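Report on one structure; see the data block that follows.
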Amino acid sequence: MATSTGPMAPHAACPFSPVVLRRAPRLVRLAAPRRAAAATTSCVLTDAPQGIKMEPSGAPSPESSTVVAPRRDVGPDTVASIILGGGAGTRLFPLTRTRAKPAVPVGGCYRLIDIPMSNCINSKINKIYVLTQFNSQSLNRHIARTYNFGEGVGFGNGFVEVLAATQTAGESGKRWFQGTADAVRQFLWLFEDARLKRIENILILSGDHLYRMDYMDFVQKHVDSGADISVACVPMDESRASDFGLMKTDRNGRITDFLEKPKGESLKSMVVDMEIFGLSPEVANVYNYLASMGIYVFKTDVLLRLLRGHYPTANDFGSEVIPMAAKDYNVQAYLFDGYWEDIGTIKSFFEANLALTDQSPNFHFYEPVKPIFTSPRFLPPTKVEDCKVLNSIVSHGCFLTECSVEHSVIGIRSRLQPGVQLKDTMMMGADYYQTEAERFSELSDGKVPVGVGENTKIRNCIIDKNARIGKNVVIMNSENVQEADRPSEGYYIRSGITVVLKNAVIPDDTII
């Protein structure tokens, strides 16, 4: 039984288990240890045998006989990160109906923004910008509560700043962000500020991925290779390859071709022999595409030059800037050897959350050295009375009474009444508690209090925050409807998954 309960210390990781996606295959090490070979390789592929050359570790290559510049260790004080708050979040709708994508709750007590923020902090990168535009109020509030870095005391010159879309001087300044590259372009002037003069590399991150990465390893490989731009990537199978930007490289890891979400013959043209990256023949036969993670490192001067001078009208990094830059600049691939999941759709989001409950999950929040941080809520431990809880995650401050929970994630302040049966469900919890007097008053008036009422059965469902689900309700989607819009009734169906809306009221005896 994988059940977690208990209070969370301020800014500490929630005591949960996390995620499964189609796990990216681990790379097979075929050469000398990374540090020993780092000075002689120009490839940026993490933990692959010093790239892809497959030479015996003791035999020098022709390149290694030339004079190699001394390795220069890169300090995190020379790196700034920009976390993109995402667009309208249409693929995650209705979870993004009233919030930005990075503010969507994940894993019971976290928000998606906590993943890149924690990776930055664990990588010692303390100059962080978050670009926001759509429904950003809850995201801004979460960042302000969680990541104020001691209000300037003892944190040196580090900062976390939210950069909201705003109008500026000039015709172009009257527009909203037109894409990822345009969003960064509109704030390039920041990197001419005196306090950022030492910033040599800029890390561009997305706010809707689930993974744990040492960004400084990425930046170090970027510098070691002499790259102008580096693109983090993962092996991908054919079933999902068309959802990502795909690339091909030469034997030194330099990107030669880049196509954004190709289909048909274009997709087939992007097949890569992944054995040269260190994958075994069996794995390489399945994972035969190289997919962009949407994570980039730019030399600061290169980023300024590209967005202002070379491509002043390019709006998107993945579909415009990177493909064009690959023709004229040294754009390197960094192969990430670890779990990573793009959870930008309802289906992938749902599956990734439920995978956190696995006995041996591909991703977990329990890492003591590199924790995932979140807002310190100071909630009491969860109270469980005569319940059956199997392979599930239960967050803080919940009340579970004579109920059954299986393969589910239960968010903060959730309340399950006697007879409730939850299976394959993600319940995000509530933003507040109701007093017993308030609950009794609502029940007496025939209203539905926050939580799940008696004898309700729910399966294959996402329950957004503050939902009020009555007694004897059945949410099963027994007819296997794939898509449905019922906002007036408090729910949508996406990819066969029922999504109960935030603040929705589902009356007693409802059947969905």
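The values are calculated or read from the model by the stated rules, or taken from the named source; none is laboratory data. Predicted, not measured: the structure shown is a model, and the values here were computed from it. Because the Cβ atoms are built from the backbone with ideal geometry, glycine has one as well, and the counts that use them run over all protein chains shown. These area figures cover heavy atoms from the full protein model, side chains too; ligands, DNA and RNA do not enter into them. Shrake-Rupley method; radii C 1.70, N 1.55, O 1.52, S 1.80 Å.
Among the listed residues V44, V68, identify the single one that is in a loop (DSSP other than H, G, I, E, B), modelled with pLDDT under 90 and more than 22 Å from L335 (Cα to Cα).
Values: V44 fails: more than 22 Å from L335 (Cα to Cα).
From the options V44, V68, the qualifying one is V68.
Could you tell me whether D228 is surrounded by fewer than 22 Cβ atoms within 10 Å (Cβ to Cβ) and not basic (K, R)?
Numbers: surrounded by fewer than 22 Cβ atoms within 10 Å (Cβ to Cβ): yes; not basic (K, R): yes.
Against the criterion (surrounded by fewer than 22 Cβ atoms within 10 Å (Cβ to Cβ) and not basic (K, R)), D228 qualifies.
Where in the range 254-321 are there helices (runs of 4 or more DSSP H), lying fully within it, with 2 or more residues that are farther than 24 Å from E341 by Cα? Give the derivation first.
On the way: elements: 264-268, 281-286, 300-305.
Here the list reads 300-305.
Give E406, E442, E454, E402 a once-over and let me know the one that is at positive phi and open to solvent by 20 Å² or more (accessible area, probe 1.4 Å). Let's see the steps before the verdict.
Details: E406 fails: at positive phi; E442 fails: at positive phi; E454 fails: at positive phi.
On inspection, the qualifying residue turns out to be E402.
Output the number of residues of the range 247-257 satisfying the condition of being touching a Lys or Arg at 6+ places or on another chain (Cβ under 8 Å) and not hydroxyl-bearing (S, T, Y). So that I can check it myself, show each step before the final result.
First pass over the range 247-257, keeping only residues touching a Lys or Arg at 6+ places or on another chain (Cβ under 8 Å): 251, 255-257.
Filter once more, keeping what is not hydroxyl-bearing (S, T, Y): 251, 255, 257.
Total satisfying the criteria: 3.
Taking the range 203-230 on its own, how many of its residues are assigned to a strand (DSSP E or B), under 21 Å from L188 (Cα atoms) and at pLDDT 95 or above?
Final tally of qualifying residues: 5.
This table checks each residue for (1) open to solvent by 10 Å² or more (accessible area, probe 1.4 Å); (2) closer than 23 Å to V499 by Cβ; (3) not in a strand (DSSP E or B).
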position	(1), (2), (3)
Q359	yes, no, yes
K370	yes, no, yes
S375	yes, no, yes
L379	yes, no, yes
G419	yes, no, yes
K423	yes, yes, no
D431	yes, yes, yes
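All but one of (1) open to solvent by 20 Å² or more (accessible area, probe 1.4 Å); (2) at pLDDT 85 or above hold for T180; which doesn't?
(2)
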